[in-house]
Amino acid sequence: MLHIHCPYCEEYREEEEFSVVGEAHIIRPLAPEELTDQEWASYLFFRKNPRGLHHEMWAHSHGCRKFFNMTRHTVTYQILETYKMGQQPSITTEDTK
Amino acid sequence: MQKYSGFGLLKHSMSHHENWQRVWRNPAPKKHYDVVIVGGGGHGLATAYYMAKEHGLTNIAVVEKGYLGGGNTARNTTIVRSNYLWDEAAHLYEHSLKLWEGLAQDLNYNLMFSQRGVLNLGHSLQDMRDIERRVNANRLNGIDSQVLNNAQVQAKVPILDCSKNARYPVMGASWQARGGTARHDAVAWGFARAADALGVDLLQQTEVTGIRRKDGAVCGVETNRGFISADKVACVASGNSSTLAKMVGIDLPLESHPLQAMVSEPIKPILDTVVMSNHVHGYLSQSDKGDLVIGAGIDSYLGYGQRGSFDVVEHTIAAIIEMFPIFSRVRLNRAWGGVVDTCPDACPIISKTHIKGLYFNCGWGTGGFKATPGSGQVFAHTVAKDEPHPLAKAFNIDRFTSGKLIDEHGAAGVAH
Ligand SMILES: Cc1cc2nc3c(=O)[nH]c(=O)nc-3n(C[C@H](O)[C@H](O)[C@H](O)COP(=O)(O)OP(=O)(O)OC[C@H]3O[C@@H](n4cnc5c(N)ncnc54)[C@H](O)[C@@H]3O)c2cc1C
Ligand SMILES: [Zn+2]
């Protein structure tokens, strides 16, 4: 069971209160009609899936119901930080950029 | 290869079973192979077997970082069925099911393949509509499939709570009588033994750390045991496929998630079929040893750790107990996780890549065990002939760009 710090509630709560949304910092293209099929596919379907550090979006579904971001290791599952929407991670590697 | 038979068993009992031939060799890597298959799970080993048997390629190797069948092959809940909704998927899985039906004889290895039937329960009106649609689609594709009502389900599984007051009311089910289970490690071992007998080198404890290219084409793999040159490299690494693809800068639309399963202590025979409920994420059968084999839903975060969270296990157990109150006192023996490579449309990728000589077979996610022989056969064809097998064509990586997805989500492919 992960123990997750919600940056809005400023509290550690159990994983069951949260849900994962997926890779963080994905920006919806401003002009989708100008994209190539490849670029559109990449926006829709292609995710980083790193074996290592990952920035991902979570939601505190059964708490404050706000979205936030997390930097987590996908092998050890260790959570290195959680941060609010609109903020950038403070921990990065070549892979996660 | 020493042939296994009842007579052989008797003969070897005379010498206290001390003179059995080794099941496969443990060779040192050669300098060069025509094809290197990365991943010694069921799919990789089946690929090697069919490549040697049907395409006459015997200078090939299977490279496995751990031991044969140590990945998802020996971590799954062994459910085999072919009742998928869309034509492309249905044909592929049905092809595989047909191979299962003669596989133990073909490999001369007891796979304990048991066609005990598979029930997919419907708990709501929508479930039942989806089931009817899928069963009709299956029948049009020549796949045995039936809709059962509440009373028929109850007759098949007397211990299932089919009463009106059930927490998850059973409104009916789809039934595939030819579906069932098989012994998963035996599948890996059977293919390994048969491939080895045809001259395939099985290289265990050999991890691929890089894929070398020359003039835009593949020329071999870097491993912890040195460089191995190869004309073609075929990657069949399930949850770790993205990691291999990244070595050559290829993006795959995969996400690796933990998927968990568990077994109970062995009990007397009580359940003679497979019961699946996509709705509550619980899957159940009883092994020949007597333990209840239970599959959970996936953990929704990315995870390469071969373990997931307890609340997923708890949720599954709660659902199983609601459906089978009789099991409330049964104790669990073991629980574990695997890393499954899920694809956006819940269908596999069996494909050439833009790099000459490099192929991928992945994205089987939560349900690839049932496809082991079929996957191996069509992938062997795809690699050996450098053109997709007719059944594999639709599973090209280009479908994510063209939009021609094969959306098995919800319909049949939610899990296992
Ligand atoms: C808990 C669970 C339950 C499941 N239940 C079912 C079910 O009921 N029915 C069903 O049909 N499917 C089920 N599945 C899915 C099924 O197990 C998989 O789809 C299938 O086993 C994939 O086979 P594979 O041979 O591709 O993978 P694996 O057996 O995982 O083989 C891949 C191999 O590649 C190796 N490898 C990875 N990276 C490298 C590298 N760099 N170098 C060398 N080797 C490498 C790994 O060590 C591994 O042995 C389940 C999966 C899980 C985890
Ligand atoms: Zn919160």
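Within the stretch B:324-341, the residues that satisfy the criterion of being touching a Ser or Thr at 6+ places or on another chain (Cβ under 7 Å) and either within 24 Å of B:Y84 (Cα to Cα) or not in a loop (DSSP other than H, G, I, E, B) (or both) are B:L332, B:N333, B:V339, B:V340, B:D341.
Take B:R212 and decide whether it is within 14 Å of chain A (Cβ to nearest Cβ), in contact (Cβ under 8 Å) with a residue 12 or more places away in the chain and surrounded by fewer than 21 Cβ atoms within 10 Å (Cβ to Cβ). So that I can check it myself, show each step before the final result.
Details: within 14 Å of chain A (Cβ to nearest Cβ): no; in contact (Cβ under 8 Å) with a residue 12 or more places away in the chain: yes; surrounded by fewer than 21 Cβ atoms within 10 Å (Cβ to Cβ): yes.
So B:R212 does not fit the description; no.
Just one of the listed residues (B:S242, B:S229, B:S238, B:S256) is surrounded by fewer than 19 Cβ atoms within 10 Å (Cβ to Cβ) and in contact (Cβ under 8 Å) with a residue 60 or more places away in the chain, and it is B:S229.
Selection of the stretch A:6-40 for residues being in contact (Cβ under 8 Å) with a residue 12 or more places away in the chain and aliphatic (A, V, I, L, M) yields A:V20, A:V21, A:A24, A:I26. Of the residues making up the stretch A:66-76, just one is within 16 Å of ligand 1 (Cβ to nearest atom) and either more than 10 Å from every other protein chain (Cβ to nearest Cβ) or among the hydrophobic types (A, V, I, L, M, F, W, C) (or both), namely A:V75. Using the structure shown, decide if B:A48 is more than 16 Å from ligand 2 (Cβ to nearest atom), under 24 Å from B:K3 (Cβ atoms), surrounded by 24 or more Cβ atoms within 10 Å (Cβ to Cβ) and of a type in the set (G, A, S). Yes; evaluated as a whole, the condition is true for this residue. Scan the stretch B:81-95 and give yes if some residue there is among the basic types (K, R), touching a helix residue (DSSP H, G or I) at 6+ places or on another chain (Cβ under 7 Å) and surrounded by 15 or more Cβ atoms within 10 Å (Cβ to Cβ), otherwise no. Yes, that holds for at least one residue. Could you please let me know if B:N333 is crowded, with 23+ Cβ neighbours inside 10 Å, of a type in the set (S, T, N, Q), more than 10 Å from every other protein chain (Cβ to nearest Cβ) and in contact with a strand residue (DSSP E or B) (Cβ under 6 Å, 6 or more places away or on another chain)? The answer is no for B:N333. Of everything listed in (1) surrounded by fewer than 22 Cβ atoms within 10 Å (Cβ to Cβ); (2) in a loop (DSSP other than H, G, I, E, B); (3) β-branched (V, I, T), the single unmet condition for B:T366 is (1). Taken together, the residues in the stretch B:21-48 that are away from ligand 1 (no atom under 16 Å from the Cβ), more than 18 Å from B:R225 (Cβ to Cβ) and in contact with a strand residue (DSSP E or B) (Cβ under 9 Å, 6 or more places away or on another chain) amount to 1.
Residue count for the stretch B:203-220 under the criterion of being under 14 Å from B:H32 (Cβ atoms) and out of contact with any Lys or Arg (no Cβ under 7 Å at 6 or more places or on another chain): the result is 3. Against the conditions (1) in contact with a Pro (Cβ under 7 Å, 6 or more places away or on another chain); (2) surrounded by fewer than 16 Cβ atoms within 10 Å (Cβ to Cβ), B:N165 satisfies every one except (1).
If you check B:G142, B:G102 for being modelled with pLDDT of 95 or more, out of contact with any Leu (no Cβ under 7 Å at 6 or more places or on another chain), part of a helix (DSSP H, G or I) and more than 16 Å from ligand 1 (Cβ to nearest atom), only one passes: B:G102. Taken over the stretch A:6-20, residues that are within 14 Å of ligand 2 (Cβ to nearest atom), surrounded by 16 or more Cβ atoms within 10 Å (Cβ to Cβ) and either at the interface with another protein chain (Cβ under 9 Å from one of its Cβ atoms) or in a strand (DSSP E or B) (or both) amount to 4.
Evaluate the following for A:W58: is it closer than 25 Å to B:G363 by Cα, within 14 Å of chain B (Cβ to nearest Cβ) and within 12 Å of ligand 2 (Cβ to nearest atom)? Don't jump to the end; show me each part of the working.
Details: closer than 25 Å to B:G363 by Cα: yes; within 14 Å of chain B (Cβ to nearest Cβ): yes; within 12 Å of ligand 2 (Cβ to nearest atom): yes.
Judged against the criteria, A:W58 is a match.
Of note, A:I79 does not satisfy the criterion of being touching a strand residue (DSSP E or B) at 6+ places or on another chain (Cβ under 9 Å), more than 9 Å from chain B (Cβ to nearest Cβ) and under 20 Å from B:T401 (Cα atoms). Assessment of the stretch B:346-365 against the conditions (away from ligand 1 (no atom under 11 Å from the Cβ), in contact with a His (Cβ under 7 Å, 6 or more places away or on another chain) and not hydroxyl-bearing (S, T, Y)) yields at least one matching residue. Cβ separations smaller than 7 Å between residues 6+ apart or across chains give the following pairs from the stretch B:54-82 residues that are among the acidic types (D, E) to residues that are in a loop (DSSP other than H, G, I, E, B) and near ligand 1 (Cβ under 9 Å from one of its atoms): B:E64/B:G39; B:E64/B:G40; B:E64/B:T206.
All told, B:V221 falls short of being modelled with pLDDT of 95 or more and assigned by TED's automatic domain parsing to the domain that holds B:N165. Please verify whether B:G374 is more than 10 Å from ligand 1 (Cβ to nearest atom), small (G, A, S), surrounded by fewer than 24 Cβ atoms within 10 Å (Cβ to Cβ) and touching a residue at least 40 places away in the same chain (Cβ under 8 Å), treating the condition exactly as stated. Here the answer is no, as B:G374 does not meet what is asked. Exactly one residue out of B:Y84, B:Y93 is in a helix (DSSP H, G or I) and among the hydroxyl-bearing types (S, T, Y), and it is B:Y93.
The values are calculated or read from the model by the stated rules, or taken from the named source; none is laboratory data. As the structure is a prediction and not an experimental result, all values here were calculated from the model. Backbone-built Cβ (ideal geometry, glycine too); neighbour counts: all protein chains shown.
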